[in-house]
1. Who wins for biggest fluctuation among 76, 200, 42 in a Gaussian network model of the chain, springs between alpha carbons below 10 Å?
2. Grab the Cα-Cα distance for residue 145 and residue 66, subtract it from 0.36 nm times how many residues apart they are, and report the gain in nm with one decimal.
3. I need the semi-axes of the equivalent ellipsoid of the stretch 1-91: take the C-alpha gyration tensor, multiply each eigenvalue by 5, square-root it, list largest first in whole angstrom.
4. Before rounding to the nearest 500, sum -39500 (n - 2.57) across all DSSP H runs of length at least 4 in the chain and divide by the residue total; then give [θ] at 222 nm in deg cm²/dmol.
5. Give the relative contact order (percent, whole number) for the stretch 1-106; include only Cα pairs under 8 Å separated by 6+ residues.
6. Using only alpha-carbon positions, what ratio does the radius of gyration of the stretch 111-221 give when scaled by 2.2 N^0.38 Å?
7. What is the fewest-to-most order of 81, 117 by other Cβ atoms lying within 10 Å of their Cβ?
8. Rounded to the nearest 5, what % of the DSSP beta bridges within the chain are antiparallel ones?
Ligand SMILES: Nc1ncnc2c1ncn2[C@@H]1O[C@H](COP(=O)(O)OP(=O)(O)O)[C@@H](O)[C@H]1O
Ligand SMILES: [Mg+2]
């Protein structure tokens, strides 16, 4: 029974990565639950094609006597279980985020893996779950700007969240998303995060147009287009997390991490136009 909180800047890809990791682990037959902890802008349901979920985390927070199992949606295509958020503004007003911890505490023993999606920046809605989780994944969207600005951006985003996670005893990892960097620059960024900031990079996911296309279709990209660049990188990240978080095939963890980096760098070097 393992819980991961996913954090990061708005638009970095938290909800996308939460959904796709859910698909990866459910496909590997790990009972997996995804929880929308973004109480003000919940979007997780949308990634699974669930529109206006009648029962949701907001209903649960407002009705402490309600059972958590009554608001779980099962996606039969991916075998992922989801606790969605309400898309109604009236449900969002004056909501008490601290109750999420009770919800996670009640439901997590039924699952091998629980992944909690967070709101932007400092995750005020989900901070209460930091006491129950064991891992925090920080999603970082790399911008195409001068390298010193990238370093400053990483320091700003990653260091605060890392300190926050460590204050609660969480193990912290970074996933780089929407990556379009050249291999030299990418290596520099990975080195900076791993050696200067001191957090392992557990996934590198390229920018891929298939991702928003899949989201609009209501199907995570790993299921919608499993052979695209992003899906292959998500699978590699899933394998790394399987070793790190679920302690399966643990021996190969560092080898896998290294292999994923090499495979990403290799893809960067394939000449344009050549089939990847
Ligand atoms: N690797 C990627 N390549 C291209 N677009 C992406 C990628 N990851 C996420 N996106 C897109 O970026 C937008 C923001 O993603 P989202 O997961 O909602 O971010 P967050 O939850 O961090 O705010 C969405 O439109 C999504 O489809
Ligand atoms: Mg989101």
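1. 76
2. 23.6 nm
3. They are 20, 16, 12 Å, listed largest first.
4. Rounded to the nearest 500, the figure is -11000 deg cm²/dmol.
5. 29
6. 1.13
7. Starting with the residue having the fewest Cβ neighbours, the order is 81, 117.
8. Roughly 10 percent of the beta bridges in the chain run antiparallel, per DSSP.
We did not get these values from a lab; they are worked out from the coordinates using the rules stated. Everything quoted here is computed from the prediction, not taken from an experiment. Ideal geometry is used to build each Cβ from the backbone, glycine not excepted, and the neighbour counts take in all protein chains shown.
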